[in-house]
Amino acid sequence: MLGTSSADQVKGVLMLQGDALCQADINLKMPRNNQLLHFTFREDKQWKLQQIQDARNHVNQAIYLLTNRDVNYQFKTGSEVLKLMDAVMLQLTRARNRLTTPASLTLPEIASSGLTKMFTPALPSDILVNFYINLNKLCLTVYQLHALQPNSTKNFRPTGGSILHNPGAMFECGSQRYEVSHVHKVECVVPWLNDALVFFTVSLQLCQQLKDKLLLPSPWHQCDCVLLLVSEPQVSQLFLSVRM
């Protein structure tokens, strides 16, 4: 259930299964005439959230790095384990960043996105929508546009990429120039995304703790037990727990 925007301009219900938005039911109240518009996803369509797909791919790569050795393999040097931990932490950091840092898109990129073809009835030409993940929230942004006339005296300055565009932003699509007149952002908390972010933090802390122990000035035989932990299933299980 999407939280309402200011003045209840946008309300909606979304269904997220893994990385797929499989249902959407959105009501939009137009500020100019208070007309109520209703849109739903077409029954034959699902919208894949690239952020979740990318995060999952990075997690799978981290798991592969931890499990692609023979079960009886023993690490020979501390630097070998440090190198492995650096590689695993890089993948986990990239996965977490995909959920915490939405992509910056230009308005023409949003306008040409396949998302515009997901709805029935079709979206009006003066409406743009964008879905994205921000931390543990699924966000919907609705842009209402004003078509600029060819003889407009406004200084046309196309807007660059941004996570959220403000009213007054301008862009050109085809031969038509537009200005954003209203912006509505609504969001809802996805509990399992919050769990995933916690697991990322715990996993990175575990990797760092292992690195810190290896970097302590101590004889190699005192580190043997630490090194062998890397191949133990209990450690791998922590990374498996953030699988999406």
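Observations
- So Pro158, is it over 18 Å from Pro108 (Cα atoms), open to solvent by 80 Å² or more (accessible area, probe 1.4 Å) and not hydroxyl-bearing (Ser, Thr, Tyr): no
Residue-by-condition table, conditions (1) surrounded by 13 or more Cβ atoms within 10 Å (Cβ to Cβ); (2) in contact with a Lys or Arg (Cβ under 8 Å, 6 or more places away or on another chain); (3) among the hydrophobic types (A, V, I, L, M, F, W, C):
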| position | (1), (2), (3) |
| --- | --- |
| Glu109 | yes, no, no |
| Phe119 | yes, yes, yes |
| Ile127 | yes, no, yes |
| Asn130 | yes, no, no |
| Asn136 | yes, no, no |
| Tyr143 | yes, no, no |
| Gln149 | no, no, no |
| His165 | yes, no, no |
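- Answer residue from segment 182-202, given it is farther than 21 Å from Met15 by Cβ and of a type in the set (Val, Ile, Thr) and is least open to solvent (accessible area, probe 1.4 Å) among those: Val183
- Of all residue pairs spaced 6 or more apart or on separate chains, those with beta-carbon atoms under 8 Å, a first member in segment 29-54 that is over 23 Å from Thr120 (Cβ atoms) and a second member that is among the aromatic types (Phe, Trp, Tyr) are Gln51/Tyr132.
- Looking only at segment 68-89, and only at residues there that are under 15 Å from Lys213 (Cα atoms) and among the hydroxyl-bearing types (Ser, Thr, Tyr), the one that is modelled with the highest pLDDT: Ser79
- Considering residues of segment 12-26 that are part of a strand (DSSP E or B), in contact (Cβ under 8 Å) with a residue 40 or more places away in the chain and among the small types (Gly, Ala, Ser) only, the residue farthest from Gln53 (Cα to Cα): Gly12
- Single residue of segment 203-215 satisfying the filter (open to solvent by 30 Å² or more (accessible area, probe 1.4 Å) and touching a residue at least 12 places away in the same chain (Cβ under 8 Å)) that is farthest from Gln9 (Cα to Cα): Leu215
- Residue in segment 65-90 that is nearest to Thr201 (Cα to Cα), counting only those that are assigned to a helix (DSSP H, G or I) and open to solvent by 60 Å² or more (accessible area, probe 1.4 Å): Leu90
- Going through (1) closer than 22 Å to Asp19 by Cβ; (2) of a type outside the set (D, E, K, R); (3) open to solvent by less than 70 Å² (accessible area, probe 1.4 Å); (4) at pLDDT 90 or above one by one, Trp47 falls short only on (4).
- Pairs linking a residue in segment 117-133 that is over 26 Å from Gln53 (Cα atoms) and without any contact (Cβ under 8 Å) to a residue 40 or more places away in the chain to a residue that is open to solvent by less than 40 Å² (accessible area, probe 1.4 Å) and assigned to a loop (DSSP other than H, G, I, E, B), with Cβ atoms under 6 Å and 6 or more positions apart or on different chains, do not occur.
- Of the strands (runs of 3 or more DSSP E) lying entirely inside segment 121-192, those carrying at least 1 residues that are over 26 Å from the mean Cα position of the chain (by Cα) and farther than 26 Å from Gly18 by Cα are 137-148, 170-173, 176-189.
The values are calculated or read from the model by the stated rules, or taken from the named source; none is laboratory data. Quick caveat, the model's predicted, so the values are computed rather than measured. Quick reminder, even Gly has a Cβ in these numbers, built from the backbone with ideal geometry, and neighbours come from all protein chains shown. Side chains included, ligands, DNA and RNA excluded: accessible areas come from the protein's heavy atoms. Shrake-Rupley method; radii C 1.70, N 1.55, O 1.52, S 1.80 Å.
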